[in-house]
Each structure stands twice: as C-alpha cells, then as structure tokens.
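What follows is a short report on a single structure.
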C-alpha cells in the first residue's frame, strides 16, 4: 500500500455504500455511509487516495469513475477481501466488460438449453422412449419418438413436447448468434488474434482470457495468472519436503473451464501436439496431463500479452 495516500475501504451495495478509513492526523477510525447518489460527489471533493473494494457487481464501473477523478483503485477478489493475501484484479475497460457480458449470456443460454434437453429426455423416458445423452442424440431420435407417442398420448401433450424441442432449437440459434458476434470481436482485436494461435485456444477462450485478464501486467508472472484461473496445484509439507496436491480451483471458474476443454481437445485431436505434450501424456494420467497443459496454456497467454509477443511453437523461455 502507498503510505503517502489516505487509504479508504469501500463496501459497495445497491443503494447504500459503507466507507472506512483512518484519519491521518488523529488516527481515528472513520466510518461513513453514503447513498448511491452521493458516492461520487464525496470523492470529487477529497484529495487523491488509495481505494480498496471487493470485485463484485458494479465494482468495475465505480473503479473507472474513481480512477478518472485521480484516485488509485485496487479491486480485491471476494475470497481475498478478509485475508488480503491474493493480490488485486485489473480494472477492465467498458469494451472488455462488454465482451464478458456476451460470454455470460452465452453461458447462461447453454445452461438453459442443457436443462431443457434433460427435462425433455426425462419426460420421454416416462413413456419408454429413452433418448441418448447429449443434444445430438436427442436430435437424432426425437422426431420418431414423438411420432410413436402421438398414437398413445393426448395431442396437447405431444404439442407441448414439440414446443419444448422447438424452444431448444431457438436457443441453439441464439447461442450461435452470440458466438458469431464474439468471433467478429476477435477479428478486430490484435491481442485476441495473437493468442488464438495457441493450440487449444479458440475464439471463446481467446476473447474471454483477454477480457477477464484486463491489463496483463497486473499479474507478476504466468504462474500468477494460472493461479488466478485455479490451475496451479495446492501444496503441503514441512521441513523442505513439499507434496503437490490437486489444483486449487480458486479464481475464475469460467476461464478455467475453457482452458481445460481446450487442452483436452489438443490431447484428443492434435496430429502433432509437440514433444512436451507427447512425453507428458505418456507418463501421466489423462486428466493430470489435461490440467498440466491448461496450466501451460494460461502461462503462454500471459507471456504473449504481457510481452506483446506472437505465438512461436518451439519457443523456450529464458531466465532473466
């Protein structure tokens, strides 16, 4: 923390914000409640200070406003607010938040679609029509299943089942539309285009990584970014004997999921994944290899963005 600035902690909410700081002259701990309408007015009338707040809903918006006023803002992950041991998060631009909004809406639609498919499969199973798991399996057999059931069930039930299947098709179209918009954003963003060259990093992962990371230099190293995504192993041990456990799974769940899916795709489909991946797959179980590759992908993404590099397949990092 910068000792030359007064430090203010803020707990933001929908209507009333809570402020805490220590008076530099008297040492008194000051607590102040401000309504949303008076929040920015308060900081417009005080000297530049260091502000800490939890990275929750609305935090990015307020961080941009306060930064524009000349204050220094630190966003803290929710789990780190109490212990203050996990560093800070980058303040994102409105454009970065916009692309994240597309990702969130797509993710929500995918969850809705999965729930609708599972619900439809469950209803059909009640009448002896067992559909294979997954959207493709249901699509293959749904028409014939409904035709068979139309002779046994009331028309109103068959019509409702068909409407639910049509609703799933509509969600397919909405998801595809959002994905096309994400791809267009990728084509216009140099950072996204560069990291999309990494094997296993497609349009979704590239755009999400750039938007979630914000300023790459917020992270001190690739390992720190991989830890942010929850891809580094937890450790235990004493006396210099360290035992590695499973990955921490802390940090951004969405980004970690995309990286792991991408790594799994590389291991399953890449014709020439490279000697490192090949050797890793031979000596470690599949899931361990997948996570290790996802970890390496995260570090590579950070290195390319932090140092403004292009992807080089055989690149070997050198100690500074």
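The values are calculated or read from the model by the stated rules, or taken from the named source; none is laboratory data. The structure displayed is predicted, hence computed values, not measured ones. Neighbour counts are summed over all protein chains in view; Cβ atoms, including those assigned to glycine, are modelled from backbone coordinates with ideal geometry.
In the range 33-47, what count of residues is obtained for those that are assigned to a strand (DSSP E or B) and in contact with a helix residue (DSSP H, G or I) (Cβ under 8 Å, 6 or more places away or on another chain)? Step through it out loud before you land on a result.
Step one: filter the range 33-47 for residues assigned to a strand (DSSP E or B), giving 33-35.
Going one step further and asking which of them are in contact with a helix residue (DSSP H, G or I) (Cβ under 8 Å, 6 or more places away or on another chain), we end up with 34.
Number of matching residues: 1.
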> Name the pairs whose Cβ atoms lie under 9 Å apart, with the first residue in the range 158-179 and outside the structural domain of residue 143 (by TED's automatic domain parsing), the second in a helix (DSSP H, G or I), and 6 or more positions between them or separate chains?
Replying inline: none
>> Just the residues that are over 18 Å from residue 293 (Cα atoms), assigned to a loop (DSSP other than H, G, I, E, B) and free of Cβ contacts under 8 Å to residues at least 60 places away in the same chain, please, taken from the range 189-219.
In response: 189
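Does residue 148 fit the bill of being surrounded by fewer than 18 Cβ atoms within 10 Å (Cβ to Cβ), in a helix (DSSP H, G or I) and free of Cβ contacts under 8 Å to residues at least 60 places away in the same chain? Write out each step before concluding.
Details: surrounded by fewer than 18 Cβ atoms within 10 Å (Cβ to Cβ): yes; in a helix (DSSP H, G or I): yes; free of Cβ contacts under 8 Å to residues at least 60 places away in the same chain: yes.
So residue 148 fits the description; yes.
Does residue 122 qualify as being out of contact with any helix residue (DSSP H, G or I) (no Cβ under 6 Å at 6 or more places or on another chain), farther than 30 Å from residue 182 by Cα, assigned by TED's automatic domain parsing to the domain that holds residue 171 and modelled with pLDDT of 90 or more? Break it down stepwise before answering.
Working: out of contact with any helix residue (DSSP H, G or I) (no Cβ under 6 Å at 6 or more places or on another chain): yes; farther than 30 Å from residue 182 by Cα: yes; assigned by TED's automatic domain parsing to the domain that holds residue 171: yes; modelled with pLDDT of 90 or more: yes.
Considered against the rule, which asks whether it is out of contact with any helix residue (DSSP H, G or I) (no Cβ under 6 Å at 6 or more places or on another chain), farther than 30 Å from residue 182 by Cα, assigned by TED's automatic domain parsing to the domain that holds residue 171 and modelled with pLDDT of 90 or more, residue 122 comes out as yes.
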>> So residue 92 passes all but one of these: (1) under 23 Å from the mean Cα position of the chain (by Cα); (2) assigned to a loop (DSSP other than H, G, I, E, B); (3) modelled with pLDDT under 80. Which condition number does it fail?
In response: (3)
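Output the number of residues of the range 125-145 satisfying the condition of being under 30 Å from residue 203 (Cα atoms) and either part of a helix (DSSP H, G or I) or at pLDDT 90 or above (or both). Quick ask: steps written out before the conclusion?
Looking only at the range 125-145, we keep the residues that are under 30 Å from residue 203 (Cα atoms), and these are 132-140.
Those left that are additionally either part of a helix (DSSP H, G or I) or at pLDDT 90 or above (or both): 135-140.
So the answer is 6.
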